[in-house]
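Presented below is the structure to which this report refers.
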Ligand SMILES: Cc1ncc(COP(=O)(O)O)c(C=O)c1O
């Protein structure tokens with residue numbers, strides 16, 4: 001995938017932009033995204049699931065320029081905070097195309113979501129359902145509610161959220177009884193929401209999940225006596241982070257989705273069918289770009305010490321995922337040296353790639369960590385060691401756009417001497 005998407009004539013190239021241009025525009029570390037890959041993934045998913053809507057999950061990457069691009073391709077939005085709501089509105093999403101999901105919504109958030117007229121709020125517990133009802137009644141504004149269900153499914157993913165005790169949603173077996181205990185006059189049940197896991201690479205699980213959720217939605221709408229107008233299937237579509245991992249078999253999922261759609265349209269005509277998707281759309285479009293400051297050998301291991309580490313890209317460390325890496329200025333050279341890549345952070349866990357084969361590294365090389373487009377910038381710990389925050393840039397048809405400026409340490413620390421120690425490696429934006 002990397003060679004196919006990011007190498008042209010033996011050189012690194014992201015949508016017509018070379019690595020020199022990236023480094024001279026914003027220095028390193030930075031996040032670089034390739035616009036064409038975002039477009040391609042969106043088109044692939046939308047063509048695989050006719051009749052389904054894609055709600056873009058802002059938690060994967062709330063950058064307004066990226067979200068705006070997905071909006072212009074036709075996506076709706078899935079948000080989990082007022083900050084994400086603000087980003088979604090800035091990116092051009094209409095309130096009626098936004099759903100609010102998350103296990104710990106405050107009264108203030110629910111109030112804002114109802115006043116704003118969002119499409120729906122997912123209720124994740126009986127207490128939250130009662131709170132949504134009471135806010136809706138106080139405002140005299142009706143609101144659509146999706147019941148989030150903690151199903152009895154068993155997804156095979158390290159990031160699963162259903163199947164056992166869970167902070168997400170109503171337990172499937174007691175949902176009817178719990179919901180019946182809340183008098184709903186203003187909040188209106190319109191459907192269910194089941195997000196079972198993230199980073200699912202088992203197509204078989206997803207195909208079964210679609211049928212399971214469709215059956216459950218029909219059953220709950222009948223037992224709780226509401227018109228089924230929406231089924232949010234979650235999704236959790238995974239990407240192959242490791243070079244030898246296989247991707248999802250979209251053919252089989254697409255086939256199952258068509259069957260489920262037909263069945264639901266017969267029994268609940270006009271029902272909205274939703275996937276909430278983040279990672280699948282963005283992970284592969286993004287690269288965390290760093291400069292090698294030092295190359296050192298230690299007891300048989302070659303370490304590349306880069307100017308960006310787990311502070312700016314925490315995912316590989318916290319999620320224990322082996323991301324692919326390349327030396328971007330030597331992308332066509334033979335990978336003959338086994339290396340570990342660590343940043344400047346004073347903890348032994350700051351190793352963002354281990355045991356990767358690369359061309360012989362030298363100080364000054366530009367090192368890229370791939371599949372960093374989702375849960376990269378947004379899931380990192382930008383304040384750690386007060387190194388500021390990197391830029392985000394988007395390559396698009398030969399042009400490079402700075403879509404988030406880098407932040408100097410003083411900015412991140414919120415102190416009043418922003419210019420004394422500017423951004424670490426000479427950004428020029
Ligand atoms: C409720 C919900 N929806 C959508 C997503 C996005 O999932 P993904 O990035 O795997 O597509 C998540 C991720 O955790 C989630 O919790």
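The values are calculated or read from the model by the stated rules, or taken from the named source; none is laboratory data. Just so it is clear, the structure is predicted and the values come from calculations on it, not from any experiment. Every residue, glycine as well, gets a Cβ built from its backbone with ideal geometry; the counts of neighbours run over all protein chains shown.
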Output yes when any residue across the stretch 47-55 is part of a loop (DSSP other than H, G, I, E, B), over 27 Å from residue 114 (Cα atoms), assigned by TED's automatic domain parsing to the domain that holds residue 367 and in contact with a helix residue (DSSP H, G or I) (Cβ under 6 Å, 6 or more places away or on another chain), and no when none is.
no
Across (1) without any contact (Cβ under 8 Å) to a residue 60 or more places away in the chain; (2) within 16 Å of the ligand (Cβ to nearest atom); (3) assigned to a loop (DSSP other than H, G, I, E, B), residue 184 clears everything bar (2)
Could you list, in sequence order, all residues of the stretch 88-107 that are assigned to a helix (DSSP H, G or I) and away from the ligand (no atom under 15 Å from the Cβ)?
89, 90, 95, 96, 97, 107
Within the stretch 203-223, identify whether any single residue is within 16 Å of the ligand (Cβ to nearest atom), modelled with pLDDT under 95 and closer than 30 Å to residue 394 by Cβ, and answer yes or no.
no
Does the stretch 374-402 hold any residues that are part of a strand (DSSP E or B) and either within 16 Å of the ligand (Cβ to nearest atom) or surrounded by 18 or more Cβ atoms within 10 Å (Cβ to Cβ) (or both), and which are they?
389, 391, 392, 393, 394, 395, 396, 400
Could you identify the single residue in 132, 149 that is within 16 Å of the ligand (Cβ to nearest atom) and touching a helix residue (DSSP H, G or I) at 6+ places or on another chain (Cβ under 6 Å)?
149
Given (1) in contact (Cβ under 8 Å) with a residue 40 or more places away in the chain; (2) part of a loop (DSSP other than H, G, I, E, B); (3) over 22 Å from residue 88 (Cβ atoms), number of the condition residue 133 does not satisfy
(2)
In the set 289, 317, the lone residue that is more than 16 Å from the ligand (Cβ to nearest atom), in a strand (DSSP E or B) and surrounded by 17 or more Cβ atoms within 10 Å (Cβ to Cβ) is 289
On the given criteria, is residue 257 outside any loop (DSSP other than H, G, I, E, B), within 13 Å of the ligand (Cβ to nearest atom) and surrounded by 16 or more Cβ atoms within 10 Å (Cβ to Cβ)?
no
Of all residues in the stretch 154-165, count the ones that are surrounded by 18 or more Cβ atoms within 10 Å (Cβ to Cβ) and out of contact with any helix residue (DSSP H, G or I) (no Cβ under 6 Å at 6 or more places or on another chain).
3
Among the numbered criteria (1) away from the ligand (no atom under 14 Å from the Cβ); (2) surrounded by fewer than 22 Cβ atoms within 10 Å (Cβ to Cβ); (3) in the same structural domain as residue 150 (by TED's automatic domain parsing); (4) in contact (Cβ under 8 Å) with a residue 40 or more places away in the chain, which one does residue 262 miss?
(4)
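Please state which one of 13, 76 is within 18 Å of the chain's Cα centre (by Cα) and crowded, with 17+ Cβ neighbours inside 10 Å.
Details: 13 fails: within 18 Å of the chain's Cα centre (by Cα).
Exactly one of 13, 76 is within 18 Å of the chain's Cα centre (by Cα) and crowded, with 17+ Cβ neighbours inside 10 Å, namely 76.
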I'd like to check something: does the stretch 354-373 contain any residue that is in a helix (DSSP H, G or I) and in contact with a helix residue (DSSP H, G or I) (Cβ under 9 Å, 6 or more places away or on another chain)?
no
If residue 209 meets every condition in (1) over 30 Å from residue 342 (Cβ atoms); (2) in contact with a helix residue (DSSP H, G or I) (Cβ under 8 Å, 6 or more places away or on another chain) apart from one, which number is that one?
(2)
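Is there a residue in the stretch 170-180 that is assigned to a loop (DSSP other than H, G, I, E, B) and surrounded by 19 or more Cβ atoms within 10 Å (Cβ to Cβ)? Walk me through it before giving the result.
Going residue by residue through the stretch 170-180, those that are assigned to a loop (DSSP other than H, G, I, E, B) are none.
Scanning the stretch 170-180, I find no residue that is assigned to a loop (DSSP other than H, G, I, E, B) and surrounded by 19 or more Cβ atoms within 10 Å (Cβ to Cβ), so the answer is no.
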Yes or no: the stretch 106-120 includes at least one residue that is in the same structural domain as residue 234 (by TED's automatic domain parsing), under 28 Å from residue 245 (Cβ atoms), within 24 Å of the chain's Cα centre (by Cα) and buried (at least 20 other Cβ atoms within 10 Å of the Cβ).
no
Residues being crowded, with 21+ Cβ neighbours inside 10 Å and modelled with pLDDT under 95: count how many of those fall in the stretch 320-342.
1
